[in-house]
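Structure first, then comments.
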Amino acid sequence: MTITFVASEALAVVTVMPIVARDLGGLRLYGWVFSAFMLGSLVGIVAAGRDADRTGPARPYIAGLVLFGTGLVVSGLAPSMPVLVLGRALQGVGAGAIPAVAYVVIGRTLPENLRPRMMAVLSTAWVVPGLVGPALSAAVEEHFGWRWVFLGLLPLVMVSGPIAIPALLRLGRPEATHEEEHRLADGTRTAVGTALLLGGLTSDHPALAVALVVAGAFVGFPALRRLLPPGTLSARTGLPATILSRGLLTFAFFGADAFVTLTISTVRHESTTMAGVAVTGATLSWTIGSWMQHHLSDSWQGRRLVRAGLVLILAGIAGMAASLRSDVPVAEAIAAWTVAGLGMGLAYAPLSLMMLRVAPPGREGWASASLNLSDVLGVAIGVGLGGAAVAAASSVSTGVAVAYALAGASAIGALAVTRRLPVDASIVEGGKHLVREPL
């Protein structure tokens, strides 16, 4: 249920954001509404990962629910775009705890042969929001106003907590403990550095832009290197390459996904409902792809699934770029992004499974937080760069085209890294048992 309301919020916001931006007069901050959520998640992920390894998953889960609910209230009552960005940041801090807790629980309680199915179940939690979320949020916006898209989710937050908390409390803290852990200060510095970098990219003043970019790199890069496993930025074989691949994957998909509804509703002048159909198609196909990877996981190496998914995402991005032309039917955009969603379903879960397989016992929180940090940075930077392109371009269609080009480049980079992903020695391909590579 927790994954369901997080999914509902994500799909609702991406559907109604063009309306919100016009109402609050903040198109220049369009990308920041998404990036602020992701930057807040950086802090939430680090805090939840270290706390789960120290005390168990219950405490970070409870804190995540409280902060997420607070962010919903701030966003729903926001009088201006900057306040909305603040509310989204609070939501992000809370929501950052959810995937970290989920992966910790999966890693500590389920045998490896059941984990692909559990990842598919988590993806299935997006089905109901994917089916009704975009259309429902469009209807809520039309009849009650966009503010109730945020405020209407509060009952789900209040219901899900009492169901999950008792089981998380019974799980308790891990038996194995480790001195090395993520430092919360490094998570905060990484978020601040990324915010400065994105602020520089969206600045109208060249001197200020350069200063912010340099300051962001100075503040954020050293902290990020300490947070990620050694060798991540150089794509070292094993866990580091897995972490890097996930960031490139989320950059590619979400760096384009944030501008799908903008393409359909603003560039092509279609209805919010039509834009929601594209979001629904991608959500459903993501779930289908996730169940496909579950059924293929016994016979296909994870790296093969990731490569197949990336190829489909590239095809979807190309289709969205083509749909910017007025002579291309909008139906092609919907079909293209549905294909991209299928690619994410194939590629996303195998990277999580690789992480859990190679995570040191008792350090599932650390490894999960590293993966989710890469997730969030990929989304934040991808959406932030795309938002900067939209803000700087002479027209919305030109800026969105640049955003799609950046997302495609990230997918190509991810394809290059897949050869360094870890191999599962238990899977037989081509009649031979594959030997696990050094981790």
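When S290, S297, S234 are compared by accessible surface with a 1.4 Å probe, the order from highest to lowest is S234, S297, S290. The order of E142, E364 by accessible area, most exposed first and with a 1.4 Å probe, is E142, E364.
Spin-label point model (7 Å from Cα, Cβ direction): what's the F218 to R28 distance in nm? The modelled label-to-label distance comes out at 2.5 nm. The simple spin-label model puts a point 7 Å past each Cα toward its Cβ; for L114 and V210 those points are separated by 5.9 nm. Using a cutoff of 8 angstrom between alpha carbon atoms and counting only pairs six or more residues apart, the relative contact order for the chain works out to 23 percent. For the stretch 81-91, the Karplus equation 6.51 cos²θ - 1.76 cosθ + 1.60, evaluated at θ = phi - 60°, returns couplings of 5, x, 5, 4, 4, 4, x, 5, 5, 4, 4 Hz by residue, with Gly and Pro reported as x. Can you send over the carbon and sulfur percentage of the accessible area for the stretch 215-265, probe radius 1.4 Å, protein chains only? The nonpolar share, carbon plus sulfur, comes to 69 percent. For the stretch 384-390, the Karplus equation 6.51 cos²θ - 1.76 cosθ + 1.60, evaluated at θ = phi - 60°, returns couplings of x, 5, x, x, 5, 5, 5 Hz by residue, with Gly and Pro reported as x. The three principal axes of the C-alpha atoms in the stretch 182-295 carry coordinate ranges of 46, 43, 23 Å, sorted with the longest axis first. Only Lys, Arg, Asp and Glu carry charge here, each on its Cβ (+1 for the first two, -1 for the last two); on that basis the chain has a dipole of about 780 debye about its Cα centre. Rg and Dmax, both from the Cα atoms of the stretch 90-195 and both in Å, are 18.0, 54. When trypsin sites (Lys or Arg not before Pro) are flagged only if DSSP places them in a loop and at most 15 other Cβ atoms lie within 10 Å, the longest unflagged stretch of the chain comes out as 1-182. For the chain, the per residue solvent-accessible surface stands at 39 Å², with DNA, RNA and ligands left out and a 1.4 Å probe. FRET efficiency for the R183 to L233 pair, using the beta carbon distance and R₀ = 22 Å, is estimated at 0.75. When the helices of the chain are scored as -39500 (n - 2.57) per DSSP H run of n ≥ 4 and the total is divided over every residue, the value at 222 nm lands at -26000 deg cm²/dmol.
The HN-Hα couplings worked out from phi for the stretch 102-108 by the Karplus form 6.51 cos²θ - 1.76 cosθ + 1.60 (θ = phi - 60°) are 4, 5, 4, 5, 4, x, 8 Hz, whole numbers, x standing for Gly and Pro. Compared with the alpha-carbon gap, the fully stretched path from M1 to T55 is longer by 17.1 nm at 0.36 nm per residue.
Relative contact order of the stretch 141-241: 20 percent, from C-alpha pairs under 8 Å at least 6 residues apart in sequence.
Helix 30-55 axis versus longest C-alpha principal axis of the chain: approximately 20°, rounded to the nearest ten. A value for Cα extents along the principal axes in Å was derived from the coordinates, and within the list (i) 71, 65, 42; (ii) 70, 51, 44; (iii) 53, 45, 45 it appears as (iii).
Going by accessible surface with a 1.4 Å probe and the largest first, S326, S203 read S326, S203. Note on the stretch 295-408: with neighbouring protein chains present and a 1.4 Å probe, carbon and sulfur make up 65 percent of its accessible heavy-atom surface. Tell me, what % of the accessible area of the stretch 43-154 is carbon and sulfur with a 1.4 angstrom probe? On the stretch 43-154, the fraction of accessible area on carbon and sulfur atoms equals 72 percent. With contacts taken as Cα pairs under 8 Å and at least 6 residues apart, the stretch 1-120 reaches a relative contact order of 31 percent.
The values are calculated or read from the model by the stated rules, or taken from the named source; none is laboratory data. Predicted, not measured: the structure shown is a model, and the values here were computed from it. Neighbour counts are summed over all protein chains in view; Cβ atoms, including those assigned to glycine, are modelled from backbone coordinates with ideal geometry. We work out accessible area using only protein heavy atoms, side chains counted, and drop any ligands, DNA or RNA first. Shrake-Rupley method; radii C 1.70, N 1.55, O 1.52, S 1.80 Å.
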